[in-house]
1. Of the residues in segment 64-79, how many are in a helix (DSSP H, G or I) and crowded, with 19+ Cβ neighbours inside 10 Å?
2. Could you check, for segment 55-71, whether at least one of its residues is of a type in the set (S, T, N, Q) and within 16 Å of the ligand (Cβ to nearest atom)?
3. Exactly one of these conditions fails for GLY221: (1) modelled with pLDDT of 95 or more; (2) farther than 23 Å from LEU83 by Cα. Give me its number.
4. Can you tell me which residues in segment 128-149 are of a type in the set (A, V, I, L, M), touching a residue at least 40 places away in the same chain (Cβ under 8 Å) and assigned to a loop (DSSP other than H, G, I, E, B)?
5. Only one of these is under 15 Å from the mean Cα position of the chain (by Cα), of a type in the set (D, E, K, R) and closer than 16 Å to GLN23 by Cα: GLU51, GLU46. Name it.
6. With the structure loaded, tell me whether GLY119 is surrounded by fewer than 20 Cβ atoms within 10 Å (Cβ to Cβ), more than 16 Å from the ligand (Cβ to nearest atom), touching a residue at least 12 places away in the same chain (Cβ under 8 Å) and not in a loop (DSSP other than H, G, I, E, B) or whether it fails that test.
7. When you scan segment 181-203, how many residues do you find that are away from the ligand (no atom under 16 Å from the Cβ) and either assigned to a helix (DSSP H, G or I) or crowded, with 20+ Cβ neighbours inside 10 Å (or both)?
8. Is there any pair linking a residue in segment 176-193 that is farther than 14 Å from GLN140 by Cα to one that is aliphatic (A, V, I, L, M) and assigned to a loop (DSSP other than H, G, I, E, B), with Cβ under 7 Å and at least six apart or on different chains, and which?
Amino acid sequence: EVALHSSARTKGLIFGAAATYQQLSSNKAYANLFAQQCGMLVPTNELKWQELRPSPGRFNFTRADWMARFARSHGMLFRGHTLVWHKALPNWFASTVNKQNAEKYLREHISRVAGHYAGQMHSWDVVNEAIDLQVQRADQLRNTPWLRFLGPEYIDLAFRAAAEADPQALLVYNDFAIEHDTPQAEAKRTAVLRLLERLKSRGTPVQALGIQSHLFGHPDGVKFTQIRRFLRNVADLGLQIMITELDVNDQQLPRDAAVRDRAVAKIYADFLSAVLDEPAVIAVMTWGLSDRYTWLANRKPRGDGGGLRPLPFDEQLRPKPAWQSLASAI
Ligand code: XIL
């Protein structure tokens with residue numbers, strides 16, 4: 001059987017996944033599997049503010065640098081997640097950053113971090129999850145410290161600072177809950193498209209859309225018919241598209257693991273068939289490779305005590321039907 005990244009490469013696609021320093025440095029079997037299957041690595045948490053900035057004046061690149069070397073030494077591309085997000089901010093943030101110094105902090109962060117990896121990053125998630133359908137604003141921008149301190153222009157400022165710090169990285173706007181055939185996802189797609197149009201019309205250097213793709217199974221089945229049109233509209237803006245955090249939450253699927261695995265694999269196949277129809281899609285990244293390390297495990301345990309099975313490899317690192325779906329699609 002061929003590794004996912006090699007089959008992806010023959011189609012001009014990149015396949016990769018997220019991992020942590022802890023996983024790759026402590027589990028040799030996992031590190032080997034990762035290097036064999038993936039053509040790109042993205043640190044799960046190591047490039048977030050909380051991990052990089054123990055205090056206002058200190059940057060700690062130790063873990064992220066180790067991961068950059070791991071990627072390079074195994075011939076993998078490396079991508080950055082994420083420069084601007086309302087979550088994973090350090091404890092000192094709330095008492096330190098204010099309206100007066102916010103622009104200085106944002107610029108400094110981006111120039112230090114994107115500058116540190118300049119020339120080494122395939123792409124950067126410059127801004128993550130800036131849209132929130134719950135807010136009352138017409139532009140539906142999320143109520144974050146950056147919005148409160150700097151207004152909607154914080155997004156433009158971030159992309160311009162990233163372009164300056166690393167002119168080679170592909171600059172990505174990344175968001176979630178855009179994938180399914182639901183009214184909420186349709187509303188999210190509309191809001192994301194409006195944001196991208198606005199950024200492009202101002203000459204802001206956004207170059208790609210990242211679609212997180214945290215999908216979920218449903219007892220009645222799920223469909224992906226609406227996303228194609230959206231992807232076309234995004235591509236028509238001159239943007240590339242990346243699937244950045246693919247997994248399938250099987251919380252609501254039947255208890256039997258084999259049945260569940262088949263349902264999850266079908267969702268992988270149906271989703272990939274919809275999105276890979278769009279030539280602007282350049283990469284597929286899963287959010288982890290093995291169920292052993294899924295981020296969903298500690299957050300949303302199944303009532304029956306069985307672990308979630310959202311990823312292409314099981315807890316023993318054996319390929320699952322979802323791996324087959326990926327191997328056939330990419
Ligand atoms: C998650 C990580 O997987 C967890 O380890 C961490 O505790 C919280 O963040 N969307 C994103 C990612 O953009 O940064 C999130 O990662 C998952 C949802």
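1. Residues in segment 64-79 being in a helix (DSSP H, G or I) and crowded, with 19+ Cβ neighbours inside 10 Å: 5 in total.
2. no
3. Going through (1) modelled with pLDDT of 95 or more; (2) farther than 23 Å from LEU83 by Cα one by one, GLY221 breaks only (1).
4. ALA130, LEU133
5. None of the others qualify; the one that does is GLU46.
6. Considered against the rule, which asks whether it is surrounded by fewer than 20 Cβ atoms within 10 Å (Cβ to Cβ), more than 16 Å from the ligand (Cβ to nearest atom), touching a residue at least 12 places away in the same chain (Cβ under 8 Å) and not in a loop (DSSP other than H, G, I, E, B), GLY119 comes out as no.
7. Looking only at that region, the number is 16.
8. These pairs meet every condition: HIS180/VAL222.
The values are calculated or read from the model by the stated rules, or taken from the named source; none is laboratory data. Just so it is clear, the model here is predicted, and its values are computed rather than measured. In this analysis, Cβ positions are derived from the backbone assuming ideal geometry, glycine residues included, and neighbour counts consider all displayed protein chains.
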